[in-house]
Amino acid sequence: MYDVNIPVLIVGAGPVGLSTALFCGRHGIRTMVLEKRDGTSLLPRAPGLQARTLELFRAAGVHADIRALEMGDSHPYFEGGIIQVDTFAAIDDAVVLESPSLDGPTVSPERVMGCGQDRYEKVLVEKAREFGSDVRFSTRLVEFTQDADGVTAVAEENTTGRRFTVRADYLVGADGANSSVRRLLGVEREGRGTVFNALSIYFKAPELETVLKGRRFILCYANVGGTLMGLSRLHGCDPYLAAPIYHPERGEKPEDFTDERCVEIVRTAAGKADLAVEIVDKVPWQGAQLVAERFRTRRVFLAGDAAHLHPPAGGFGANTGIHDAHNLAWKLAAVINGWAGDPLLDSYHDERHAVGSAMAAQAMVRNRIRHGHATEQDRAEMVDDIIITLGYRYASPSIVSDTTGPVLTPKLRLTGEPGTRAPHIWIERDGGIISTIDLFWDAYVLLTDEAGTPWAEAAVAAAEQLGVPLRVHRVGAESELRPKDRDWADAYGVGTGGAVLVRPDAFVAWRATGAGGAEAEQVLANVLSQSAGRG
């Protein structure tokens with residue numbers, strides 16, 4: 001009856017759609033990806049990969065492949081921060097606008113890296129296919145319907161016009177800001193809408209690095225006719241990326257930016273009238289703040305820019321979308337494999353909608369600060385990048401706790417509280433050194449010490465009763481996992497005999513600060529059942 005039957009159909013083969021396919025594949029779930037473009041991106045967009053994003057690729061087993069794409073050591077560029085100059089030739093007089101904290105050896109086993117999606121998308125395609133995904137370019141989604149048992153979609157090949165039907169258990173719309181999936185669902189968006197219009201100019205200018213005197217930075221803003229234009233080279237210098245603002249309300253349009261005009265813009269920003277410049281490409285885009293009202297509509301989910309759109313200030317876009325993909329993939333796998341209940345999928349909206357809204361708000365704050373429109377309230381509301389990328393907090397029925405907190409805290413709090421990413425500690429196991437983050441991927445994990453036998457035995461019994469995959473690890477100086485840099489109980493906020501239950505995505509689901517008693521098995525049965533959507 002259908003041309004293709006697949007557990008998960010994904011629309012969009014950008015960083016978010018491909019990551020969804022990769023993560024699902026690593027969980028043993030087959031996917032098909034439809035992409036209307038004829039291939040991966042040819043331009044180095046979304047060039048900054050956060051530490052948390054690298055953690056996710058690490059967990060998926062593709063970290064080495066992604067890290068190998070780094071052109072030299074890009075980390076010092078992030079340490080250079082966001083700077084502003086009159087012209088690039090005046091780089092010695094640069095003013096530092098922001099010095100964001102992005103990573104660190106005590107908070108993550110990974111660190112940020114610069115790499116454009118023109119390079120890392122190719123790896124994601126290769127690895128997604130290696131793990132069983134059917135990625136089809138030059139193929140667009142025409143329509144879909146859903147019922148109680150699944151989704152029926154019609155797709156069309158661009159080159160032949162041939163249409164085929166796909167029957168899937170679930171559909172993921174990762175098809176960008178103008179998502180056809182969101183439009184067909186009729187999901188509205190809330191937010192400021194378009195806040196500015198910009199043109200990405202990709203260009204080559206061999207002399208520019210000499211002008212910049214090797215200064216390292218995330219972004220360097222120069223004044224061009226009273227408007228700030230940002231320059232980025234996180235992905236390398238060939239090509240550079242500059243992004244001037246234009247104003248449709250003044251009658252300006254992308255077509256006005258001829259190659260000749262773009263060359264003059266770059267030269268003006270550089271402060272060097274004879275700078276040799278070659279324009280590679282020009283791409284108009286809008287900086288907007290819009291968040292979909294819901295990320296789940298029965299069997300259809302929205303992720304990435306299809307779900308939450310915000311200005312690029314902070315570089316949160318692709319990273320946040322990849323985090324969406326990771327959150328959703330393990331939950332889809334859990335439900336499809338039969339050990340979790342459908343309510344677990346509701347937690348995708350509960351958790352990621354709150355995060356997406358917070359990211360959009362923080363991007364707007366940064367946008368106003370960088371363009372000189374910030375109020376004192378804006379500056380008070382801005383939190384450090386490391387909190388946004390690593391320290392966000394989930395609140396949903398999948399997180400079992402008597403207390404809740406804000407999505408973003410004023411200071412980084414990775415202290416083992418339920419709803420937060422489990423603390424990173426370097427540990428020795430079987431003669432090697434790994435991170436605690438390396439323990440989490442395909443099952444719930446209970447961490448306890450030698451005095452935590454009641455919790456350990458109770459967790460195993462409860463997991464067997466419910467059919468939920470779970471591993472138990474003892475942590476301590478004489479245990480299988482031996483901390484190397486700090487005390488694990490202090491880092492995770494537990495006392496002797498305490499325990500922490502961590503979800504497959506490395507977020508703490510539940511914590512007991514003290515030893516378990518006779519009721520331990522029932523407690524953990526209730527906790528596991530609720531966290532996995534079985535309650």
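In the frame of its principal axes, segment 288-396 has Cα extents of 52, 23, 19 Å, reported largest first. Restricted to Cα atoms, segment 447-533 shows a radius of gyration and a Dmax of 12.3, 36 angstrom. Looking at segment 1-80, what % of the alpha carbon pairs are farther apart than 19 Å? It works out to 50 percent of all Cα pairs. Over segment 386-535, all Cα pairs binned in 5 Å intervals from 0 give whole-percent P(r) values of 2, 10, 20, 24, 21, 14, 7, 2, 0, listed from short to long. Taking label positions 7 Å along the Cα-Cβ direction at both D430 and N5, the computed distance is 3.8 nm, reported to one decimal. Counting only DSSP beta bridges whose two residues both lie in the chain, roughly 70 percent are antiparallel.
Mind pulling up the Rg/Rh value for segment 358-433? Radius of gyration and Kirkwood radius, both on Cα. With Rg and the Kirkwood Rh in hand, the quotient comes to 1.12.
The angle between the Cα long axis of helix 259-270 and the main principal axis of the chain comes to about 80°, on a 0 to 90 degree scale. Please state the shape class of segment 30-127: rounded when a/c is under 1.5, otherwise prolate if a/b exceeds b/c and oblate if not, all from the C-alpha gyration tensor. Because a/c hits 1.5 or more and a/b fails to exceed b/c, segment 30-127 counts as oblate. Here the accessible area is traced with a 1.4 Å probe on the protein chains. For the chain, carbon and sulfur cover 48 percent of it.
Per-residue ellipticity at 222 nm computed for the chain from its helices equals -9000 deg cm²/dmol, with DSSP H segments shorter than 4 residues left out and the rest contributing -39,500 (n - 2.57). For the chain, the longest principal axis of the alpha carbon atoms and the long axis of helix 520-531 meet at an angle near 30°. Within the shell of other residues whose beta carbon sits under 12 angstrom from the beta carbon of R298, the net charge comes to -2, with Lys and Arg scored +1 and Asp and Glu -1.
A value for volume of the Cα convex hull per residue in Å³ was derived from the coordinates, and within the list (1) 287; (2) 173; (3) 152 it appears as (3).
Calculated FRET efficiency, E478 to Q522, Cβ-Cβ distance, R0 = 35 Å: about 0.75 to the nearest 0.05. Between helix 343-370 and the chain, what is the angle of the helix's C-alpha long axis to the longest principal axis, kept within 0 to 90° and rounded to the nearest 10? Computed tilt is about 30 degrees.
Nearest 5 percent is fine: what portion of the DSSP beta bridges confined to segment 372-474 is antiparallel? Roughly 45 percent of the DSSP beta bridges within segment 372-474 come out antiparallel.
Please report, to two decimal places, log10 I(q)/I(0) for segment 376-420 at q = 0.18, 0.19, 0.29 Å⁻¹ as given by the Debye formula with identical point scatterers on the Cα atoms and no solvent. Scattering profile of segment 376-420, log10 relative to I(0): -0.55, -0.60, -1.06.
Only Cα sites of segment 127-253 enter the Debye sum here, all with the same form factor; the resulting log10 I(q)/I(0) across q = 0.13, 0.14, 0.21 1/Å is -0.87, -0.92, -1.18, listed in q order. The residues of the chain expose, per residue, 38 Å² of accessible area to a 1.4 Å probe. In terms of the Cα gyration tensor, with a ≥ b ≥ c the square roots of its eigenvalues, is segment 233-347 rounded because a/c is under 1.5, prolate because a/b exceeds b/c, or oblate? Prolate, because a/c is 1.5 or more and a/b exceeds b/c. Using heavy atoms of the protein chains and a probe of 1.4 Å, the accessible area assigned to D3 is about 100 Å².
Within the straight-line cut-off of under 16 Å between alpha carbons, the aspartates and glutamates reachable from K282 are D118, D238, E252, E255, D256, D259, E260, E264, sequence neighbours fewer than 8 places apart in one chain being disregarded.
What the Cα atoms of segment 81-155 give is an Rg and a Dmax of 22.3, 63 Å. Based on Cα contacts under 8 Å between residues 6+ apart, segment 1-135 shows a relative contact order of 37 percent. Once you sort the root eigenvalues of the Cα gyration tensor of segment 156-204 as a ≥ b ≥ c, which label holds: rounded (a/c under 1.5), prolate (a/b larger than b/c) or oblate (the other case)? Judged from the Cα gyration tensor, segment 156-204 comes out oblate (a/c at least 1.5, b/c at or above a/b).
In order along segment 469-479, phi translates into HN-Hα couplings of x, 8, 10, 10, 10, 8, 10, x, 4, 10, 9 Hz, rounded to whole numbers, per the Karplus curve 6.51 cos²θ - 1.76 cosθ + 1.60 with θ = phi - 60° and x for Gly and Pro. So what's the net charge close to V95: Lys and Arg +1, Asp and Glu -1, counting the other residues with Cβ under 15 Å from its Cβ? With Lys, Arg at +1 and Asp, Glu at -1, the neighbours total -2.
Model label points for H247 and R261, set 7 angstrom from Cα along the Cα-to-Cβ axis, are 1.4 nm apart. Our analysis of segment 255-305 gives Rg over Rh at 1.32, with the two radii drawn from alpha carbon positions and Rh computed by the Kirkwood formula.
Fully extending the segment from C237 to H63 would add 60.3 nm, taking 0.36 nm per residue of separation and subtracting the current Cα-Cα distance.
Note that segment 54-188 shows a convex hull volume over its alpha carbon atoms of 223 Å³ per residue. Note down the relative contact order for segment 353-422 as a percent, whole number, built from C-alpha pairs under 8 angstrom at least six residues apart. It rounds to 31 percent for segment 353-422. Highest mean first, the peptides 49-62, 332-345 sorted by other C-beta atoms within 10 Å per residue fall in the order 49-62, 332-345.
In percent, rounded to a whole number, the relative contact order of segment 419-535 is 32, using alpha-carbon pairs under 8 Å and six or more apart.
The values are calculated or read from the model by the stated rules, or taken from the named source; none is laboratory data. Computed from a predicted model, the values in this text were never measured in an experiment. We place every Cβ from the backbone using ideal geometry, glycine too, and count neighbours over all the protein chains shown. Keep in mind that these areas ignore ligands, DNA and RNA; they rest on the heavy atoms of the full protein, side chains included. Shrake-Rupley method; radii C 1.70, N 1.55, O 1.52, S 1.80 Å.
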